[in-house]
Every structure is written in structure tokens, then in C-alpha cells.
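Enquirer: A single structure is presented below for examination.
What follows draws every value from the coordinates through simple rules; no lab data is involved. Computed from a predicted structure; not experimentally measured. Cβ sites come from the backbone with ideal geometry, for glycine too, and all protein chains shown count toward neighbours.
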Amino acid sequence: MIDDETVTLTAGPLLLRPWRRDDIPALLAAYDDPAMRRWLRTQVPDAGAAERWMTVQAEGWVSGRRLSFAVTDTDREGELVGNLALNRVPGAGSAEAGYWTAVSARGRGVAPRALGALTDWAFATFAEDGLRRLDLFHTLGNEASCRVAEKSGFARTEVVPARPPRRPSAGHRHSRQAPFSPAEDRRAGSAGTCGGPATRR
């Protein structure tokens, strides 16, 4: 179990923190968007669904299998600008990242900065647990998500066929490898990743 009350990450003015029940109005506003309805498999259409969604996020922190963050903008009075989640099986060599950005924040570079912070944190936090690769999936045709992945250092690796019900549509898999540890760095003569570090608060 990871203590969701102590994990926060920053990327410039962006603050990534675990979701809270008082985020529900902003969550519902974010999901009231045609792009979210088009591209996201999970929908949050009303207050009851939002409560259930929040419960899933809280349970994910308890199990350590889904670590989700509300992304807020401290330059805009803590405005909710997105969501990031790390889906993992403890001890597995790979995990999956997912994200969405609220319509009001698109075009401001929110998703790449937040995803970079999550990626750096995940590799640092779970290195001893064996995490070596992060994957990111998006539906075919979602070019905005494709650009975010590539800007964040996730190389496109393959086209994944539809696998209902979890993946009802075909999509792209992007992957990013963990940086070398200092010992591995010395042996391989490599500089690791080019992503900037995340800052914990």
C-alpha cells in the first residue's frame, strides 16, 4: 500500500495529487465534453457515477494497482486540468500509464509535462520492484494523444488489435524504458532518459 495522502508531484505550475471527494464538481465538468465521450472507455455522466469513480481511485491506492492523480494548475487557483493514472501489478516489469486533459487546458502543454512527472516518479519509486517499462495505449485516430505520447518520450511500438471488453477498439501502444541506474549507467556509458525530474512535495 502507498500512502495517497503524502504523494504529490510537481511539474512547473502543475500539481499532481490524489483525487478528493471535493473534486467531484470539477470531475463532472471535465467529463461533460464530446472529446471525452468519444475517446474514453469509462464515462462519468452524473454524481452517482462520480462517487463510484472516486471509490475506484481510492481502492487503487490501497491495493497499489491503480495510482491516480488529479492534475491541478497552481497558477490558476488550483484549477483541475487533467487526470493521470498508473496501472500496475506489483512486481511486474511493465505498467501502463493513462491520462486525459480537461478541455479548458488543452493546447497549454499540460499533458506532456504531467506525464513526464508521473513517468519519472514511477521509475524512481518502483525500480526496486522491477519496473523497467511504461506503456501507453490510445485508440486509432486519437492523434492528440499520439502527439502527447511522443513528446513525452514514449515511442510508438505497435498497433494493438481490439480486445473487448477492455479494449473495444484497435489502437497504438507507445513505450518508454526506464533509465539506467547509476551502476548500470557506468557500465553502459549511457546518459539515461532526457526527461526532466519530477519534484516531490
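Enquirer: Over the Cα atoms of the stretch 15-116, what Rg and Dmax result, in angstrom?
Expert: Gyration radius and largest Cα-Cα distance of the stretch 15-116: 13.4, 38 Å.
Enquirer: Please report the base-10 log of the normalised intensity I(q)/I(0) for the chain, using a Debye sum with one equal scatterer per alpha carbon and no solvent, at each q in 0.13, 0.17 (1/Å).
Expert: Treating every Cα as an identical point scatterer, log10 I(q)/I(0) equals -0.71, -1.27.
Enquirer: Taking the Kirkwood radius as the inverse of the mean 1/r across Cα pairs, report the Rg/Rh of the stretch 10-55. Don't skip to the end; give the middle numbers.
Expert: On the way: Rg = 11.8 Å, Rh = 11.7 Å.
When Rh is taken as the Kirkwood radius, the ratio is 1.01.
Enquirer: Here's another thing I want to ask about it. Test of the criteria: in the stretch 59-92, which GluC sites (Glu not before Pro) are in a DSSP loop and have at most 11 other Cβ atoms within 10 angstrom of their Cβ? Intermediate results must be reported in sequence, preceding the final value.
Expert: Working: sites: GLU59, GLU77, GLU79; in loops: GLU77.
Taking the stretch 59-92 and a limit of 11 other Cβ atoms within 10 Å, the loop GluC sites (Glu not before Pro) found are GLU77.
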